[in-house]
Amino acid sequence: MSWWFPLNGDSWTAEDAPNDAGEGGFDLHGEKRAPYRQLSHAGGWDPIQCHAFSGNSSRLFLGAQENLYVIDPAKGEAVDKVMDASERLFELASNPDGSYLAIGSFSRKLSYPEFGENRPHELCIWRMADKKIILGHQFRTFIDELAWSPNDGRWLAVALEPMGDGQFHSGKTEIALFRMGPGESH
């Protein structure tokens, strides 16, 4: 048995046999093997660590080490960038229209000597119009995932993973919810 998925006018199938990766997943196989569009975000070496689409799909945000790139997916071009946005970007989430971006990164305030390689993360909310951090929160944990509520942008969910003795993903993840928007108390 196969399932058919229409994506951008191409047809894709998920074969009825697992992909042998050991997680029970299935691979998608397109009739056309090439992607719709390829792009170069930096024009050179700058490996992507995280990515997020705006809710309206007009922007693709790429976190590459410490740099942030804004891509227009329709054109396949970088339309903006913030070099040295933070020391290391780990997670991104956009509000529905792409005007604000939540970024999980190494803490800029809690120092490397104090924590060593287990340096905690911070959450920053960037206003993309002027590329300014308008909100920030220091955690003494790792930020594992970010999700902005897709329809109204009222909520930001942050999955927090406790710091431990090399036991990342110990199953003790907690979720922090932040009410977002003008006039809201955070």
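The values are calculated or read from the model by the stated rules, or taken from the named source; none is laboratory data. Just so you know, these numbers come straight off a predicted model, no measurement behind them. Heads up, the Cβs are rebuilt from the backbone with ideal geometry, glycines too, and the neighbour counts pull from every protein chain shown.
Of all residues in segment 128-139, those satisfying the criterion of being in contact with a strand residue (DSSP E or B) (Cβ under 8 Å, 6 or more places away or on another chain) and more than 11 Å from Ile103 (Cα to Cα) are Met128, Lys131, Lys132, Ile134, Gln138, Phe139.
The set of residues in segment 94-106 that are in a strand (DSSP E or B) and surrounded by fewer than 24 Cβ atoms within 10 Å (Cβ to Cβ) comprises Tyr100, Ser105, Phe106.
State all residues of segment 117-149 that are among the polar types (S, T, N, Q), out of contact with any Phe, Trp or Tyr (no Cβ under 7 Å at 6 or more places or on another chain) and either at pLDDT 90 or above or crowded, with 18+ Cβ neighbours inside 10 Å (or both); if no residue qualifies, say none. Within segment 117-149, Thr141 is the sole residue that qualifies.
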